[in-house]
Amino acid sequence: MKKIVLLPLVCLAFGFVASAQTSADTTVVFKKLIHDFGNIEQNAGPQTYKFEFTNTGRETIIIQQVQASCGCTTPGWTREPVAPGEKGEVVATYIPGAPMPFDKTLTVITNGTPNRIVLRVRGVVTAPPPDNTQYF
């Protein structure tokens, strides 16, 4: 009877260990998940920030896709595989629009753990100062 109870417990424990090893093989760790641009003047042009990550696992990481939440944010990323211990980046370029606060996301899809990571860029677009030269 003890053998019948012991066998499923051993199988269950082995399953947990195997799944833990798989998730530790490919791990993506970003230095920072949110970047605040602060105040950006409306006519300042595109603003760029590079989110750096490290592959802390034992297998190669591949960034499969990065999706921006709107057309005002353009993503870029390390296209080649990132070896264990190496670094890569996801680049967010935000184009200021109407004067108002913004909070945009980039969803990073990888072959690692976690396989979906959400990065954010935020700030406030401000109106340019008035042009007083036209009155003189």
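Read-outs throughout are calculated quantities, based only on the coordinates presented, and are distinct from any laboratory measurement. Model, not experiment: these values are computed from the prediction. Here the Cβ positions follow ideal geometry from the backbone for every residue, glycine too, while neighbour counts run over all protein chains shown.
Some observations on this one:
- Hits among aspartates and glutamates - C-alpha to C-alpha of Lys50 under 17 Å, sequence gap 8 or more where chains match: Asp36, Glu80, Glu86, Glu89, Asp103
- Each residue of the stretch 45-53 is assigned a 3J(HN,Hα), and the resulting list reads x, x, 10, 10, 9, 9, 8, 8, 10 Hz, derived from the Karplus form 6.51 cos²θ - 1.76 cosθ + 1.60 (θ = phi - 60°), x at Gly and Pro.
- Val118 sits among other residues whose Cβ lies under 14 Å from its own Cβ, and their net charge, with Lys and Arg +1 and Asp and Glu -1, is +4.
- Placed amide H near Asn111: partners under 5 Å, 5+ positions off or other chain: Ile62, Gln64
- Likely footprinting exposure, Thr110, Thr56, fewest C-beta neighbours within 10 Å first: Thr56, Thr110
- Net charge of Cβ neighbours under 10 Å - reference Pro84; Lys, Arg +1; Asp, Glu -1: -2
- For the peptides 62-68, 33-39, the ranking by mean Cβ contacts within 10 Å, running from highest to lowest, is 62-68, 33-39.
- Extension gain, Ala98 to Thr56: 0.36 nm times the residue separation minus the Cα-Cα distance gives 11.1 nm.
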